[in-house]
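These notes concern the structure reproduced below.
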Amino acid sequence: MSSYGQHPNPAAVARAIEAQVEAVTTADIDSLGRSAWYGRYLDETALPPELRETARQRVANADRVSKADAGQSFSVLLAALLMLIGLLLLAHGAEVGQQTEVIGGVLALVGAVVAIPAGRWIFRDPWKVDEAEYRQISAATRELKLPLHSAFVDLLDTDRSSRLRDINQQWKTGNPRREAKLVYVATSILNDIRSSPAWRDEVFDEHRVRLDLTAAEREIYEHAARLWEIDSTLVAPTGNDPAVTTQWTHHRSALDEAWETLIDRVAALHTYREGLRPIESTLRDLAAVRSMTTTSTELSDLLTSSARADIATAHARNLAAELPEVAANLTTQLEFLRRAAIHQETLATPLPVLTPTASR
């Protein structure tokens, strides 16, 4: 764990991340809840400058763009169909009957009502492009895929060296690809950061130190997918051709460097997460101090009530101490009255005896 003013050794953190990646199991990867990750990569250099921003937005919001395009197409088709049926019924209504003309008019009107907002939707769509622009963006966009399950390792017909089949078999026997294991570690760290109260605190907005986790996750998955795409199909030469060996060594070195870069990226996430921990502790202390500050008035009122309670307690005890004396006085009065009543003359005279009278 890092402390204030100290930074962990990046090489040591990278080694620790590599150890975590090595320890990941197939069950760990399956717990991600997805069998593969799919993404899109846009080569902006293949597009004219005026189209790049629109293309960037379309790729970044691919799901929303797809739904919007489908909704627009459906609305236009529905409006056209309703208007066509309505116009046909109007055209032949005189032959069939007046009721048919009414239905045709209603359908045509509904079609027009649907067409108006559909047209506005299409006109105002910020991601809308024409056919030529669409083809340009499609040509500059490449699909990315990172398998997270052995079943999603595509066994291509071009896999003459059986490399993909070997990878698939190794995965099935409990040895998944390193790219999949790395994104599991990265996802775990990202989820841990998201759960940190420090990362969610508004102080991170003030100091602009909140890491964009969505972008970080997407970039790590894209990086891993590109690495998988090349590494999974790179076959080591078996001959002694120096040119082939040199070329393969160059590719292998580039892939190893890309892997180290990816490890460093995840290690940086780990360092960021560890840097949040002392901030979490400080924020808890700040919350404690603020709670004491905000309740100072209530605390003062409580102390005043306690002082009044002490006075009332003492008063009650003093009164309680006087109660035996009061009881003794009352007992004396009772005894005096009892004796006085016994010696009264009226009490010494016998009471008259009443005899029953005969009933008539």
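The values are calculated or read from the model by the stated rules, or taken from the named source; none is laboratory data. Not measured: the values here are computed from a predicted model. Note: ideal-geometry Cβ built from the backbone for every residue, glycine included; neighbour counts use all protein chains shown.
Conditions (1) of a type in the set (Phe, Trp, Tyr); (2) over 30 Å from Arg178 (Cα atoms); (3) not assigned by TED's automatic domain parsing to the domain that holds Glu18, marked per residue:
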| position | (1), (2), (3) |
| --- | --- |
| Asp256 | no, no, no |
| Tyr272 | yes, no, no |
| Leu276 | no, no, no |
| Thr313 | no, yes, yes |
Which listed residue, of Ala140, Ala186, Ala151, is surrounded by 21 or more Cβ atoms within 10 Å (Cβ to Cβ) and either touching a helix residue (DSSP H, G or I) at 6+ places or on another chain (Cβ under 7 Å) or closer than 25 Å to Glu217 by Cβ (or both) | Ala186
Report whether or not Leu156 is at pLDDT below 80, aliphatic (A, V, I, L, M) and not in a helix (DSSP H, G or I).
-> yes
Subset of segment 201-216 that is without any contact (Cβ under 8 Å) to a residue 12 or more places away in the chain and closer than 24 Å to Asp264 by Cα - its residue that is surrounded by the fewest Cβ atoms within 10 Å (Cβ to Cβ) = Arg208
Any chance Leu77 is part of a helix (DSSP H, G or I), at pLDDT 70 or above and touching a helix residue (DSSP H, G or I) at 6+ places or on another chain (Cβ under 8 Å) | no
